[in-house]
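> Structure provided below as structure tokens; questions to follow.
The values are calculated or read from the model by the stated rules, or taken from the named source; none is laboratory data. The shown structure was predicted, so the numbers you read here are calculated from the model rather than taken from an experiment. Reconstructed Cβ throughout: ideal geometry from the backbone, glycine too, with neighbour counts over all protein chains shown. Ligands, DNA and RNA are excluded from the accessible area calculation, which covers all protein heavy atoms including side chains. Shrake-Rupley method; radii C 1.70, N 1.55, O 1.52, S 1.80 Å.
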Amino acid sequence: MLKLLLASRNAGKLREFAELLPGFTLVPWPADAPELPETGAFFQDNALQKAEGARAWWQAHGTEPVDAVLADDSGLCVDALWGGPGVLSARFAQDLASYTDRNRRLLAMLPEGADRAARFVCVLACVPLPGEPFTVSGAVEGTLAFAHRGSQGFGYDPIFLPDGYDQTFGELSSEIKHTLSHRARACTALLQKLHR
Ligand code: ITT
């Protein structure tokens, strides 16, 4: 079974990867490992930066061999906010402690009558050991809800209505989210590449 080092500290992502990649042994990014910088302007830049940073650190400090390093850069892109918060999704409204409050602030930024179209985007960077780094991506189109709804998932899930559903990702089960999410689609592309 291939062993993947998952270079992420986001508990929501880690839970989803465990469900989306059942045929892999996932090694979590250690608590004493450094924060991985993400200074790029695009999801792809940040995903590669995190994966390369994790590979370098693991090669010096890793406790077990792994077959590849995987990093995820993702976020919510809202048309009426010129694609924001986008790559800044994890840093949006950090003065607020809870995602419920951050979600409310995001919704309040939309003027009345604004276009509510939005999409979740996920870019996965994979560094095979040995091998050349590559990226895959996935997206899911939808609209912003008018209020925070549901407690499933994490982050912006309770304010995102995927196209074709009247419920937010916060109300839909993880099984349904995994049939259409940005991360699930990126994982499908990753599996195709790894099994080629
Ligand atoms: P790592 O860099 O350690 O992986 P992070 O949370 O900083 O964790 P990102 O920079 O990729 O990760 O930020 C992505 C943010 O976008 C994340 O914090 C969530 O708020 C949001 N996000 C991404 N995928 C999401 C999903 O499936 N559901 C809800 N929110 C999501």
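> Short version: ³J(HN,Hα) in whole Hz for each residue of region 100-108, in order, from phi by Karplus 6.51 cos²θ - 1.76 cosθ + 1.60 (θ = phi - 60°), x for Gly and Pro, what are they?
4, 5, 5, 5, 4, 5, 4, 5, 5
> Applying 1/(1 + (r/R0)^6) with R0 = 45 Å to the Cβ-Cβ distance of A117 and M1, what FRET efficiency is obtained, to the nearest 0.05?
Details: r = 40 Å, r/R0 = 0.89.
The computed FRET efficiency comes out at 0.65.
> Something else: Ranked from highest to lowest mean number of other Cβ atoms within 10 Å per residue, what is the order of the peptides 53-65, 111-123, 168-180? Before the final figure, lay out the partial values.
Working: 53-65: 14.5, 111-123: 16.8, 168-180: 18.4.
Descending packing order for the listed peptides: 168-180, 111-123, 53-65.
> Relative to the present Cα-Cα distance, how much length would full extension add between T25 and T179 at 0.36 nm per residue of separation? Walk me through the numbers on the way to the answer.
On the way: separation 154, 0.36 × 154 = 55.44 nm, distance 2.17 nm.
Full-extension gain reported as 53.3 nm.
> Full extension from H195 to L129: what is 0.36 nm times the residue separation minus their Cα-Cα distance, to one decimal in nm? Write out the running numbers ahead of the final one.
Numbers: separation 66, 0.36 × 66 = 23.76 nm, distance 1.52 nm.
The H195-L129 span can extend by a further 22.2 nm.
> Let me ask another. Heavy atoms only, probe 1.4 angstrom, no DNA, RNA or ligands counted: give me D166, D72 ranked by accessible area, highest first.
Values: D166 135, D72 5 Å².
These residues rank, largest area first, as D166, D72.
> Please report the relative contact order for the chain, taking Cα pairs under 8 Å with a sequence separation of at least 6, and give it as a percent rounded to a whole number. Numbers along the way, then the final one.
On the way: 357 pairs, mean separation 35.3, N = 196.
Value for the chain: 18 percent.
> Given a Förster radius of 41 Å and the C-beta distance between M109 and A56 as r, what FRET efficiency does 1/(1 + (r/R0)^6) yield to the nearest 0.05?
Values: r = 38 Å, r/R0 = 0.92.
Efficiency for this residue pair is about 0.65.
> Using a cut-off of under 20 Å, list every residue of region 124-157 whose amide N is near the label point 7 Å from the Cα of D163 along the Cα-to-beta-carbon line.
137-146, 157
> From the backbone phi of region 171-187, what are the Karplus-calculated ³J(HN,Hα) couplings (6.51 cos²θ - 1.76 cosθ + 1.60, θ = phi - 60°) in whole Hz, Gly and Pro given as x?
Residue by residue, region 171-187 yields 9, 6, 5, 5, 4, 6, 3, 6, 7, 9, 6, 4, 5, 4, 5, 5, 5 Hz.
> Quick check: residue separation of A18 and T39 times 0.36 nm, minus the Cα distance between them. What number comes out in nm? The partial results should precede the final answer.
Details: separation 21, 0.36 × 21 = 7.56 nm, distance 2.68 nm.
That works out to 4.9 nm of additional length.
> Quick one: pull the percent of accessible area on the chain belonging to carbon and sulfur, 1.4 Å probe, ligands and nucleic acids left out.
C and S fraction of accessible area: 54 percent.
> Let me ask something else. Quick query: amide H of F160 versus all other amide H atoms, modeled in the peptide plane; which residues come in under 5 Å with a sequence gap of 5 or more or a different chain?
Here the answer is A145, F169, G170, since their amide H atoms fall under 5 Å of that of F160.
> Once the dipole of region 140-196 is set up with Lys and Arg at +1 and Asp and Glu at -1 on Cβ about the Cα centre, which of H182, Q192, H148 lies farthest towards its positive end?
Comparing the listed Cα positions along the dipole, Q192 ranks first.
> Taking the Cα centre as origin and putting +1 on Lys and Arg beta-carbons and -1 on Asp and Glu beta-carbons, what dipole magnitude results for the chain, to the nearest 20 debye?
Values: 18 positive and 23 negative charges, 32 e Å.
Value, rounded to 20: 160 debye.
> Another question, then. Which log10 I(q)/I(0) values, to two decimals, does the chain give at q = 0.07, 0.08, 0.18 Å⁻¹ under the Debye formula with one point per Cα?
Taken in order of the listed q values, log10 I(q)/I(0) reads -0.20, -0.26, -1.24.
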